[in-house]
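Asker: Below is the structure I would like to discuss, written out as structure tokens.
The values are calculated or read from the model by the stated rules, or taken from the named source; none is laboratory data. Please read all numbers here as calculations on a predicted model, not as lab measurements. When we count neighbours, we look across all protein chains shown, and the Cβ atoms used for this are built from the backbone with ideal geometry, even at glycine. Note: areas computed on protein heavy atoms with side chains; ligands, DNA, RNA excluded. Shrake-Rupley method; radii C 1.70, N 1.55, O 1.52, S 1.80 Å.
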Amino acid sequence: MKCIIWDYGCPMEKVCINKGIFLKEAIKNCINYLESVSKARKKDIFLIKPNLVTDAPPPITTPTDIVEEIVKQLKLSFPKAHIIIGEGSASVFKDTWQVFSNLGYTDLASRLGVELVDLNTESLIHLKDPNKRIFKEIWLPKVLFEAYVLSVPVLKAHTLAEVTLTMKNMIGVLPPKFYQEQGHWKKSYCHREIHTAILELNQYRSPDFTILDARRGLAKSHLSGPELNPPPDIIAASPDPASIDAFGARLLGKDWRKIGHINPD
């Protein structure tokens, strides 16, 4: 089955859906879609942002196979671009470099000749918006504003945010220096008002494009519990974060209209 552009009744962008096809072909379709709808060619740097919240295996975290195919296809489509895989793990017990190593990203980056970046320790810029409620000021990695950000989340329910997809995936960019509280998860500041925190963070910097790995999915929680049965067997893509998250919410059996960070109105 080829890529289907699906309009699901949401007044946002359309989503490219690849169901039941080989990974290489699915990612090729996604990158072709990226080229057709975005301004990626104006960027010299691509930052691939997986979800590596901890070093637990997929589908809790983004598997290396999909990131590997994305890197290969980006190199074909944008041969002069510098490609980075960047994440800031939220694990209390392991730093990002340990997570990279344990999940195979260190080997992947070495083999493909791409750079790994720990977003928890990158140089920061300081932004302000007095109209925000949670993030009236915010510190974010400078590289986010130099690169084309390609988010690669996995399909998961979340115990606090209902879903953790591409908008929630951006919480990984927050530096623990400012956003870890009382020894909890390194981004635990966001747990105060999680839907507002996710929304406001994405208003400062959201992904330019998302490739959602929905081949499998966690049905009840983001760190454990049952998988979706049957598995969706889908890889989907969109330039619009709310659209891809609305689609992912639907795969999880949730109404996107009732999820505060996707539909704040």
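Asker: Each residue of segment 126-132 in turn: what ³J(HN,Hα) in whole Hz from Karplus with 6.51, -1.76, 1.60 and θ = phi - 60°, glycine and Pro shown as x?
Answerer: Running phi through 6.51 cos²θ - 1.76 cosθ + 1.60 with θ = phi - 60° gives 10, 10, 9, 8, x, 7, 6 Hz.
Asker: Report, by chain and number, residues whose modeled amide H sits under 5 Å from the one on His82, excluding near sequence neighbours (fewer than 5 apart, same chain).
Answerer: Ile45, Phe46
Asker: Mean separation of Cα pairs under 8 Å and 6+ residues apart, divided by the residue count of segment 189-265: what relative contact order is that in percent?
Answerer: Answer for segment 189-265 is 29 percent.
Asker: Moving on to the next point. Treat the chain as a sphere of radius equal to its Kirkwood radius over Cα pairs and apply Stokes-Einstein at 20 °C in a medium of 1.002 mPa s; give the translational diffusion coefficient in µm²/s, rounded to a whole number.
Answerer: In µm²/s, the coefficient is 117.
Asker: Using packing as a proxy for protection, rank 65-74, 161-170 so that the peptide with the highest average count of other Cβ atoms within 10 Å comes first.
Answerer: Taking the mean over residues of other Cβ atoms within 10 Å, the ranking is 161-170, 65-74.
Asker: Next question, about the same structure. Using a 1.4 angstrom probe and counting only protein chains, how large is the accessible area of Phe78 in Å², to 10?
Answerer: Accessible area of Phe78: about 20 Å².
Asker: While we're here: Are there GluC sites (Glu not before Pro) in segment 183-265 that DSSP puts in a loop and that have at most 15 other Cβ atoms within 10 Å, and which ones?
Answerer: Glu193
Asker: Sticking with this one: What order, most packed first, do the peptides 218-225, 116-123 have when packing is the mean number of other Cβ atoms within 10 Å of each residue?
Answerer: Output ranking for 218-225, 116-123: 116-123, 218-225.
Asker: Restricting to Cα pairs below 8 Å that are 6+ residues apart, what does the relative contact order work out to for the chain? Please round to a whole percent.
Answerer: Rounded, it is 21 percent for the chain.
Asker: Answer rounded, prolate or oblate for segment 110-229, using the Cα gyration tensor with square roots of eigenvalues a ≥ b ≥ c: rounded when a/c is under 1.5, else prolate when a/b is larger than b/c, else oblate. Numbers along the way, then the final one.
Answerer: Details: a/c = 1.70, a/b = 1.18, b/c = 1.44.
Oblate is the answer for segment 110-229, as a/c is 1.5 or above yet b/c matches or exceeds a/b.
Asker: Could I ask something else about it? Send over a whole-number figure in Å² for the accessible area per residue of the chain, probe 1.4 Å.
Answerer: 44
Asker: Let me ask another. Which residue, chosen from Met170, Ile198, Leu103, occupies the Cα position most advanced towards the positive end of the dipole of segment 96-220, where the dipole is computed from +1 (Lys, Arg) and -1 (Asp, Glu) charges on Cβ about the Cα centre?
Answerer: Among Met170, Ile198, Leu103, the one farthest towards the positive end of the dipole of segment 96-220 is Ile198.
Asker: So what's the gap between the Cα centers of segment 37-97 and segment 231-253, to the nearest angstrom?
Answerer: When both Cα centres are located, 18 Å separates them.
Asker: Which shape class, rounded, prolate or oblate, goes with segment 61-103 when its Cα gyration tensor gives a ≥ b ≥ c as root eigenvalues, a/c under 1.5 marks rounded, and past that a/b bigger than b/c marks prolate?
Answerer: prolate
Asker: Quick one: give the max-minus-min coordinate of the C-alpha atoms of segment 161-263 along each principal axis, largest first, in Å.
Answerer: Largest first, segment 161-263 extends 40, 30, 22 Å along its Cα principal axes.
Asker: Would you work out which of Tyr179, Phe78, Leu23 lies farthest towards the positive end of the dipole of the chain? Charges go on Cβ: Lys and Arg +1, Asp and Glu -1.
Answerer: Farthest towards the positive pole: Phe78.
Asker: Is the shape of segment 70-162 rounded, prolate or oblate, going by the alpha carbon gyration tensor and its root eigenvalues a ≥ b ≥ c, with a/c under 1.5 for rounded and a/b larger than b/c for prolate?
Answerer: prolate
Asker: I've got another one for you. As a test question: what accessible area, to the nearest 10 Å², does Asp95 have when a 1.4 Å probe is rolled over all protein chains in place?
Answerer: 70
Asker: Ok, one more. Using amide H atoms built in the peptide plane, which far-off residues or other-chain residues are under 5 Å from His158 H to H?
Answerer: Long-range HN contacts for His158: Val163, Thr164.
Asker: Of the accessible area of the chain, with the probe set at 1.4 angstrom, what percent is carbon plus sulfur?
Answerer: 50
Asker: Further question: Whenever you get a sec, line up Trp185, Trp139 from highest to lowest accessible area (probe 1.4 Å, protein heavy atoms).
Answerer: Correct descending sequence by accessible area is Trp185, Trp139.
Asker: Here is a further query. What number, in percent, do you get for the relative contact order of segment 132-231 if the mean sequence gap of Cα pairs under 8 Å and at least 6 apart is divided by its residue count?
Answerer: Once divided by the residue count of segment 132-231, the mean separation gives 36 percent.
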